[in-house]
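The values are calculated or read from the model by the stated rules, or taken from the named source; none is laboratory data. Keep in mind the model is a prediction, meaning the values are calculated, not measured. In this analysis, Cβ positions are derived from the backbone assuming ideal geometry, glycine residues included, and neighbour counts consider all displayed protein chains.
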Amino acid sequence: MSTLNQSSSLNSCTKFPIPSRDNHVVDEIQSQPFDYSKRAQWLRAAVLGANDGLVSTASLMMGVGAVKHDVKAMILTGFAGLIAGACSMAIGEFVSVYSQLDIEMAHIKRSSDHRKELEEEEREKLPNPLQAATASALAFSTGAIVPLLAAAFIREYRVRLGVVVVAVTVALVGFGWLGAALGKAPTVRSVVRVLIGGWAAMAVTFGLTKLIGSSGL
């Protein structure tokens with residue numbers, strides 16, 4: 001009887017912790033590195049849209065400014081470029097992502113074979129055409145408004161062109177840095193690439209428009 005009591009007392013006092021499966025799963029999730037490739041779709045739409053809006057609108061304004069010194073002409077050209085570019089980006093992104101969506105949906109239907117849970121899980125990861133189109137239009141407008149605001153209140157022709165170039169340069173550096181930071185890419189290389197591309201677009205547009213305008217066409 002005494003032995004039984006001692007054994008019962010030992011069992012009641014000695015408790016071994018049982019590892020929690022939930023805690024183990026949480027630790028595994030926390031230890032996994034973040035997959036930055038998941039940002040690729042919206043990052044591409046946002047950063048490229050903003051850069052396109054900035055560079056194309058600024059280039060249009062610089063081209064018109066090469067032959068017309070009137071601030072109204074530059075502003076109207078930039079505004080028209082903003083509207084046309086935003087609509088073009090939205091439509092192009094919508095069509096592109098919708099095509100991708102159709103391809104992935106067809107692939108899911110072929111590979112699922114009545115596995116409903118798998119199909120629903122994969123549907124949640126599919127791209128959203130409307131979301132991509134909206135992001136592209138908003139990003140393009142955000143970039144395009146920079147040269148518009150820079151030139152809107154400056155009457156002096158040369159000062160206006162200089163301010164536009166400076167404002168666009170600062171914005172290009174910011175967009176290049178933001179894209180590199182969000183995508184964990186090399187910052188300096190990204191900024192230099194974006195900056196040189198923007199300068200080249202403005203310089204070519206200004207030079208060719210000036211050449212054509214001086215020829216009397």
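Quick notes on this one:
- Which numbered condition residue 160 misses (of (1) under 30 Å from residue 97 (Cβ atoms); (2) in contact with a helix residue (DSSP H, G or I) (Cβ under 7 Å, 6 or more places away or on another chain); (3) not aliphatic (A, V, I, L, M)): (1)
- With a requirement of 2 or more residues that are surrounded by fewer than 13 Cβ atoms within 10 Å (Cβ to Cβ) and within 21 Å of the chain's Cα centre (by Cα), the helices (runs of 4 or more DSSP H) lying completely within segment 123-217 that satisfy it span 157-183, 187-214.
- Residue match in segment 57-75 (condition: in a helix (DSSP H, G or I), within 15 Å of residue 137 (Cα to Cα), at pLDDT 65 or above and touching a helix residue (DSSP H, G or I) at 6+ places or on another chain (Cβ under 8 Å)): yes
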